[in-house]
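Here the structure comes first, spelled out in structure tokens, and everything after it is commentary.
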Amino acid sequence: MEVVKTLVDLGIVMPVYKQKPEFLKAALDSVLNQTFEQFRFVIVIDGAPEMEPLVQSIVANDPRVNIIAYDINQGVPHALNTGFAELFQHNGIHFLTWVSSDNIYGPQFLEVLRLALLKGPEELGLVYSSFQSIDNYNTPLNDEVALSALRKYQGKPKEALLDSSIVGVSFMYKAKYAKMVQGGYSLAPVEDYDYWLKITDFCEIKYIPVELMAYRVDSTYSVSAQLKTTEAHRHWRHAYHLARHQARMRRGIGPEVNILFPLSEVSDHAIQRIENLYEQMFSNYVCYVLDLSLDQRVTIALMQISHPTAVYEWYPGWQPDMAALAAVRKHLAPYTMLLDLNEFKNVMDLHILHNQLSKTGYSIWSSYYTDDHSIIGYRTEHMAESILTNELLRTHRLDDLLVKKTKNAGDGA
């Protein structure tokens, strides 16, 4: 029976799987008791039929709520797409958000975000706010220093979204732009980040530096709590990198850095090094693993650690410098790094090296960390010709250095 007023312009979706009853009640109560009261609320129970009686007891006969239930769990993206498909049937819905079944939403969560979209320019399609983190006992985890750091992190320009998920967990967006996103939500378990990248192909974003909700960290049934094993983390990381890679492909953004990793044998150290690379904050690179083995054992082993921009090339029996020179000439990018087994000491290392080198003039050939990792050094043409591994070089300069090195090696032989 249609009882929701036709003037309603806001729609909310909550996917529900297994959840602690007290968390679910707190989440539902916080949504149902917003200062902005006129909304449609679609709750999608995704393969947890035991949760339906609890949900119904909490929402009672609230006319704003519509419950959709599936007997088999089909994942968060499917649940979200189901809920939004229901909301899309109502032409009056102009603003959308979705909420989690374990978070707590402040009473002005909807009002503040909706008003920001309503009063913003036409091209503004996504707004988001800061948030407080809480534990399973509702204890705030961030002091004012931590909240200030989070606000600074989230307040970066739109371009930063290609590097990390600055939107976070408190957001609202316009339905007109949501309808432009092909396929809706996908790419679990980073469906939210992937969606922000997709929708911002079409619109602008705005950050509101105020905490509007409480995010429950690693609650019992949360996605983050399920990512503790090595394999689960690798799956998450692959999806995270893939979301960024696909966004850059859609926008015609080519790779900035080629990573060359010549290997003739596989060791635990080599595996740890490739893992270490994949954990870097900077992601606009292609990693070329140069397999120097005679039987492709390097490729077979490292392909088990999936990455969307990892490429394996076989140079059986080649010397590392000759393989690197061939790869440099085959794959063009502004910058190239020869990787060795010494790990990056910080997840920001590659980002910082790229950022610093891109700011310099062409008289600077490279950027690199000194041995003690205390400062960044820069190569010029007057430096010795030896190439430092883990040194970020302008690609044509690396070509020059490799030519000289291989020629000198040949002359010495």
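With a 1.4 Å probe and all protein chains left in place, how much accessible area per residue does the chain have, in Å²?
47 Å²
Under 8 Å for C-alpha pairs, at least 6 residues apart: give me the relative contact order for the range 1-64, rounded to a whole percent.
Relative contact order here is 48 percent.
For the range 146-254, would you read off the P(r) tail past 22 Å as a percentage of all alpha carbon pairs?
38 percent
For the range 327-336, just list the computed ³J(HN,Hα) in residue order, Karplus coefficients 6.51, -1.76 and 1.60, θ = phi - 60°, integers in Hz, with x standing in for Gly and Pro.
So the J values, rounded to whole Hz, are 5, 4, 7, 8, 10, 8, 7, x, 10, 9.
Say R0 is 60 Å: what FRET efficiency, to the nearest 0.05, do Y70 and R329 get from their beta-carbon distance?
0.65
Can you compute log10 of I(q)/I(0) for the chain with the Debye formula, treating each Cα as one identical point scatterer, at q = 0.09, 0.13, 0.14 Å⁻¹?
Scattering profile of the chain, log10 relative to I(0): -0.65, -1.10, -1.21.
Counting only protein heavy atoms and a 1.4 Å probe, tell me what percentage of the chain's accessible area is made up of carbon and sulfur.
That share works out to 55 percent.
Among the trypsin sites (Lys or Arg not before Pro) within the range 210-302, which fall in a DSSP loop and have no more than 13 other Cβ atoms within 10 Å of their own Cβ?
K228, R251
Can you check what the Kirkwood hydrodynamic radius comes to for the range 277-324, Cα pairs only, in Å to one decimal?
11.6 Å
Mind listing which GluC sites (Glu not before Pro) in the range 1-95 are in a DSSP loop and have 15 or fewer other Cβ atoms within 10 Å?
E2, E37
What do you get for trypsin sites (Lys or Arg not before Pro) in the range 122-211 restricted to DSSP loop and a cutoff of at most 16 other Cβ within 10 Å of the site's Cβ?
K179
To the nearest 20 debye, what is the magnitude of the charge dipole of the range 52-182 about its Cα centre, counting +1 on the Cβ of each Lys and Arg and -1 on the Cβ of each Asp and Glu?
My answer is approximately 520 debye.
Taking a 22 Å limit on the Cα-Cα distance, which of the listed pairs K20/K228; K152/K179; K156/K359; K174/K206; K345/K407 fall beyond it?
K152/K179; K345/K407
Go ahead and estimate [θ] at 222 nm for the chain from helices alone: -39,500 (n - 2.57) per DSSP H run with n ≥ 4, summed, over the residue count, rounded to 500.
Result for the chain: -10500 deg cm²/dmol, rounded to the nearest 500.
log10 I(q)/I(0), Debye, Cα-only the range 18-77, no solvent, q = 0.15, 0.18, 0.24, 0.25 Å⁻¹?
Taking Cα atoms of the range 18-77 as identical point scatterers yields -0.45, -0.64, -1.09, -1.15.
Please list the equivalent ellipsoid semi-axes of the range 1-136, computed as the square roots of five times the alpha-carbon gyration tensor eigenvalues, in descending order and whole angstrom.
After scaling each eigenvalue by five and taking roots: 23, 18, 15 Å.
The values are calculated or read from the model by the stated rules, or taken from the named source; none is laboratory data. Computed from a predicted model, the values in this text were never measured in an experiment. We place every Cβ from the backbone using ideal geometry, glycine too, and count neighbours over all the protein chains shown. Side chains included, ligands, DNA and RNA excluded: accessible areas come from the protein's heavy atoms. Shrake-Rupley method; radii C 1.70, N 1.55, O 1.52, S 1.80 Å.
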